[in-house]
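Taking it in order: structure first as structure tokens, then the write-up.
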Amino acid sequence: MYETIQNRKIKFALVGCGRISNNHFGSFETLKDDCEVVAVCDTNPENLQKAVERTGTKGYASYTEMLAATDADIIVLTTPSGQHP
């Protein structure tokens, strides 16, 4: 059984910082009182740097490193659908 998240923001990490990630970042910004981005990940250094600058959080080039280090409650995959696995 899982505990309900209460009395704190929901922590998100996002993998894939390309075009579609901007939609997710916009939602996080709109809901900033209820959620926060705690990590971002992308293999493209330019996309990763832009995401780090936008979110102010730590960036990772490797999702396995990110998963080992993050305390995110939810991982958002914004990679192309064929790459989700």
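For the peptides 4-17, 31-44, residues were scored by their other Cβ atoms within 10 Å and the scores averaged per peptide; the highest-first order is 31-44, 4-17. Electrostatic bookkeeping for Ala61 treats Lys and Arg as +1 and Asp and Glu as -1; over the other residues with beta carbon under 12 Å from its beta carbon, the sum is -2. Measuring nothing but how far apart in sequence close Cα pairs (under 8 Å, 6+ apart) lie, relative to its length, the range 10-80 scores a relative contact order of 46 percent.
When the alpha-carbon atoms of the range 10-80 are used, the pair Rg, Dmax equals 10.7, 30 angstrom. Fewest neighbouring Cβ atoms within 10 Å first, the residues Ser21, Ser62, Ser27 line up as Ser62, Ser27, Ser21.
No lab work stands behind these numbers, since they all come straight from the coordinates. Bear in mind that the values here come from a model prediction, so they are computed numbers and not experimental data. Heads up, the Cβs are rebuilt from the backbone with ideal geometry, glycines too, and the neighbour counts pull from every protein chain shown.
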